[in-house]
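Below is one structure, written out as structure tokens; the observations come after it.
The values are calculated or read from the model by the stated rules, or taken from the named source; none is laboratory data. Small disclaimer: the values here were computed from a predicted structure and weren't measured. Here the Cβ positions follow ideal geometry from the backbone for every residue, glycine too, while neighbour counts run over all protein chains shown. For the accessible areas, the whole protein counts, side chains as well, though only heavy atoms, and no ligand, DNA or RNA atoms are used. Shrake-Rupley method; radii C 1.70, N 1.55, O 1.52, S 1.80 Å.
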Amino acid sequence: MRGAGSEDRSMKATAQAPANIAFIKYWGKSDEVLRLPLNDSFSMNLSGAYTTTTVEFSASFVKDEITLLNGAFSEKEIARVVKGLDRVRERAGSKLFARVVTKNTFPKGAGSAASASGFAALTVAGFSALGIRLSEKELTIFSRLGSGSACRSIPDGFVMWGKGNLNDTSYAYSLYPSTYWDLRDILVIVDRSMKKVSTTEGHKGVQSSPFWNNRSKAIPQRIDRILIALKEKNFREFGEVIEEECLDMHHVMQTQVPPLMYWNDATKRIMNAVIAWRKKGLSVYFTIDAGPNVHLICEGQDEGRVRDALKGVSGVEEIILNKPSKGAQIISTHLF
Ligand code: DP6
């Protein structure tokens, strides 16, 4: 039995980690096992879409038990969480089994980055429960090994993930704190169901797209542009870059082999509505990760107008309002 060791206490910690929306997106890996990305990416943590996870280790447990409170994990997902626990145990020198209880504030698997917040929360709670203090950089690296985009859910606010080329050189860091810019991400849920192809599968096909080369050349320039826009808080330029980037990634997704079509009719209706609203003077831009749900990005002053405009669009199931958020936090620890 793995639990029979010198440790006879139960150790428990709860962490909360935000989902993040990628403005410059991670699509494609140079190393699948280490989850090293083909390009740098940049994101904002989301205040209204997050995962809360409690990890408890005890010598009395005889196996790992993983529970998702609002939903269910597949066998494959459970195996992925157990691998995450194994990495924590290995680094901490522990052989204790764990109970993991987790909850999301948003639908899992519909392109709203539940694996990002999930692995960030698991990593932070797991190490904290075992009494191991890691640097923020190390936490981003361990989170990345669970799900690439999870590394961006650890640091505060506006976060860059430098691709690196080794396990230790691929990590995320904060460029600006969450208080830096009063942006909104109005996440419009048009479909709560699980996507049919996981992002992990999808990443594999990226280089089969005839448009991948163009994308890989365009990304560094886009990053330069977005960094200047961010520094100057030039929202128009910021919005133009994120929309161009979103369309470029989806273009690659739709032309890879086999193609990945994440949008549905409501997704397209919202994208077209955003373009029409802009023509009428409403400053709002869209971005979409690997799913049909649309993130509407605007400045705080325009939130009310965007929400009002959305009322006229059919197919909206739910709206999750987000401001820029801090990264993953420990909420509580218990030793008994
Ligand atoms: C489109 O981080 O979910 O949301 O590393 O295989 O778990 P894995 O992939 P994942 O990919 C996210 C893809 C994306 C873009 C992004 O978040 O940057």
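Some values worked out for this structure:
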read-out: Total residues in the stretch 48-105, condition charged (D, E, K, R) and closer than 15 Å to Ala150 by Cβ; value: 4
read-out: Residue match in the stretch 1-15 (condition: open to solvent by less than 10 Å² (accessible area, probe 1.4 Å), on the phi < 0 side of the Ramachandran plot and at pLDDT below 95); value: yes
read-out: Only one of Thr140, Thr53 that is farther than 20 Å from Ile320 by Cβ, under 16 Å from the mean Cα position of the chain (by Cα) and among the hydroxyl-bearing types (Ser, Thr, Tyr); value: Thr140
read-out: Selection count, the stretch 16-70, where residues are assigned to a loop (DSSP other than H, G, I, E, B), under 27 Å from Ile297 (Cβ atoms) and either open to solvent by 50 Å² or more (accessible area, probe 1.4 Å) or away from the ligand (no atom under 16 Å from the Cβ) (or both); value: 2
read-out: Candidate set: the stretch 185-216, residues that are within 14 Å of the ligand (Cβ to nearest atom), touching a residue at least 60 places away in the same chain (Cβ under 8 Å) and open to solvent by 60 Å² or more (accessible area, probe 1.4 Å); chosen: the one nearest to Pro259 (Cα to Cα); value: Lys204
read-out: Condition met for Val284 (hydrophobic (A, V, I, L, M, F, W, C) and in contact with a Leu (Cβ under 9 Å, 6 or more places away or on another chain)); value: yes
read-out: Some residue of the stretch 223-230 being at pLDDT 95 or above and more than 18 Å from Val159 (Cβ to Cβ); value: no
read-out: Test: residue in the stretch 77-88 that is away from the ligand (no atom under 16 Å from the Cβ), within 21 Å of Ser332 (Cα to Cα), surrounded by fewer than 20 Cβ atoms within 10 Å (Cβ to Cβ) and outside the structural domain of Cys298 (by TED's automatic domain parsing); value: no
read-out: Single condition Asp224 does not satisfy, out of (1) among the charged types (D, E, K, R); (2) open to solvent by less than 30 Å² (accessible area, probe 1.4 Å); (3) more than 21 Å from Gly291 (Cβ to Cβ); value: (2)
read-out: Scan of the stretch 128-184 for residues that are within 16 Å of the ligand (Cβ to nearest atom), open to solvent by 50 Å² or more (accessible area, probe 1.4 Å) and of a type in the set (A, V, I, L, M), ordered by number; value: Leu175
read-out: Enumerated helices (runs of 4 or more DSSP H) restricted to the stretch 186-265, each holding at least 3 residues that are assigned by TED's automatic domain parsing to the domain that holds Pro292 and more than 18 Å from the chain's Cα centre (by Cα); value: 212-232, 235-255
read-out: Those residues of the stretch 266-293 which are within 16 Å of the ligand (Cβ to nearest atom) and open to solvent by 40 Å² or more (accessible area, probe 1.4 Å), in sequence order; value: none
read-out: Failed condition for Arg99, given (1) open to solvent by less than 30 Å² (accessible area, probe 1.4 Å); (2) over 19 Å from Ser170 (Cβ atoms); value: (1)
read-out: Tally of residues being assigned to a helix (DSSP H, G or I) and open to solvent by less than 50 Å² (accessible area, probe 1.4 Å) across the stretch 294-323; value: 7
read-out: Residue among Gly291, Gly281 that alone is touching a Lys or Arg at 6+ places or on another chain (Cβ under 6 Å) and either touching a residue at least 12 places away in the same chain (Cβ under 8 Å) or part of a loop (DSSP other than H, G, I, E, B) (or both); value: Gly291
